[in-house]
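Heads up, the thing below is written out as structure tokens.
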Amino acid sequence: MKKTLIALALTTLPVAAMAEVVLYGQMKAGYEVNSSKVTGEDRDPYLNGIADYGSRIGFKGSEDLGNGLKAIWQVESRIHLGHSNGGSDGWANRDSFIGLQHDKFGTVRAGRISNAINANMDVVDAWEYSSDALGLGKFTRTDARYVGIAYDSPEWAGFNFNVLYSPRDNVNGGDRTGEYDRGIGSGDKYSLGLNYKNSGFYAKYGFDYLKNSAVKYDVNKLGVLTKDLKDGQVHRVEGGYDANNLFVGVGYQYTKNTSSYNRAVNDFLSDFGDAGVGDHSVTLDNQGQEAALTVGYHFGNVFPKISYAHGWDVKINGTKEKNTKYDQIVLGADYDFSKRTTANVQAGWLREGLGEDAGKIKTTAFGVGLKHTF
């Protein structure tokens, strides 16, 4: 990505101590239309409008401290091109941090930082979109950012790893009393990533461990409804090949006691009225497995591609629920006007099971958009 360099002279320091700031970002948006139909019901009205694909702007810089050591920093924010009010997420809502980087020993950062799944993976989701029917948003829903401290290793023969820890009171926003009143315990978050690449081939593994992220409900011998706190896990594996004009990406994900791809989990939970505190969200005890495949080939400036994703029936509160799987197909192409400007067009189909005897919901969608990086 081409960056714009802005040299800022610090008037109180010698000329040799000038600081360099990099301005970078992406502007990307498009037009999307989609409609859904539940089994046995009339089709919903078509929804259409301008959709933002995750536009963002950032500033980053570094200072050479000598002996291979640098001080680094970054401030990155979302830009909402598709919101009528411009969005309200505030400043520095994406990866924003300060840290130290060494050529041989790696990097330590503190701030709002992507988990390993968000930072290093998502290769299989090669789409720009807002509607989940036009990309693999269900599969990549476990992407997250945590306020904490991270370590990124240097690369050794194609291998590298990274770890991230988010302390309890950063997760709950300092509201430990709120956690206590709701009886949801601490919500510390841990993340680990392992990566390898060589001659176009790549393999990635991401793991999240989430303290007290779910509750399991049961009825005791006295007929009283009880609930037990459960920790959550996310395991994602991705691999493939990206070279010589060919792209193949395959992914598998197992989730336990965290956000589910099935709507029934959220519907069940709302019946009990549980709520989280800050970024310490609580869901219903659940497990799910899903897989995704994307294949594409570059013909000059044109990159046609197709994705298929499947989620198996989920377990909710320890019981496998019928008709909770999903299937998805996305077909489209990108066209590169230049190294920095790309147009996209795609169509998607998504079918989701709503639970036993609840039918299915089928969504069809179409989108066309434009992305420019700077």
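Hey, how much of the P(r) for the chain falls beyond 28 Å, as a percent of Cα pairs? List each step's numbers first, then the result.
Values: 36954 of 69751 pairs.
Cα-Cα pairs in the chain separated by more than 28 Å: 53 percent.
When the solvent-accessible surface of protein heavy atoms is calculated with a 1.4 angstrom probe, in what order do F59, F201 fall, highest first? Don't skip to the end; give the middle numbers.
Details: F59 65, F201 120 Å².
So the residues, ranked largest to smallest area, are F201, F59.
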Query raised in the report: Counting only protein heavy atoms, what percent of the accessible surface of segment 119-162 is carbon or sulfur at a 1.4 Å probe?
Result: 55
Report summary line: Beyond 20 Å (Cα-Cα) in this structure, taken from K339/K371; K204/K362; K325/K360, we find K204/K362
Requested in this report: Run the 1.4 Å probe and let me know the accessible area of D181, rounded to the nearest 10 Å².
Outcome: 110
Query raised in the report: How big is the accessible area of D357 in square angstrom, nearest 10, if you roll a 1.4 angstrom probe over the protein chains?
Result: 150
Requested in this report: Identify all lysines with a Cα-Cα distance to K70 below 27 Å; exclude those on the same chain that are fewer than 8 residues away in sequence.
Outcome: K2, K3, K60, K104, K197
Query raised in the report: Across all directions of projection, what mean area in square nanometres is found for the Cα convex hull of segment 107-261?
Result: 11.9
**Report entry** Surrounding net charge for H235, when Lys and Arg each add one and Asp and Glu each subtract one, Cβ distance under 9 Å
**Finding:** +1
**Report entry** Order of exposure, largest accessible area first, which applies to H80, H372, H280 with probe 1.4 Å
**Finding:** H372, H80, H280
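Suppose all protein chains stay in the model; what accessible area per residue would a 1.4 Å probe give for the chain, in Å²?
That works out to 51 Å² for each residue.
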Query raised in the report: Once the principal axes of the Cα atoms of segment 134-192 are found, what is the range along each, listed largest first in whole angstroms?
Result: 49, 34, 14
**Report entry** Solvent accessible area, Å² - I79, 1.4 Å probe, full protein context
**Finding:** 50
Report summary line: For the chain, percent of DSSP beta bridges that are antiparallel (nearest 5) comes out at 100
Requested in this report: Could you pull out every one of the lysines with an alpha carbon less than 19 Å from that of K230, ignoring same-chain neighbours closer than 8 positions?
Outcome: K189, K211, K216, K256, K315, K320
Requested in this report: Sort 316-326, 248-258 for me by packing, meaning the mean count of neighbouring Cβ atoms within 10 Å per residue, highest on top.
Outcome: 248-258, 316-326
Report summary line: Per GNM of the chain with C-alpha springs under 10 angstrom, the most fluctuating residue out of A144, A157, A119 is A157
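The values are calculated or read from the model by the stated rules, or taken from the named source; none is laboratory data. All figures in this text were calculated on a predicted structure; none of them were measured in a lab. Every residue, glycine as well, gets a Cβ built from its backbone with ideal geometry; the counts of neighbours run over all protein chains shown. What goes into the accessible areas is simple: the full protein's heavy atoms, side chains included, and nothing from ligands, DNA or RNA. Shrake-Rupley method; radii C 1.70, N 1.55, O 1.52, S 1.80 Å.
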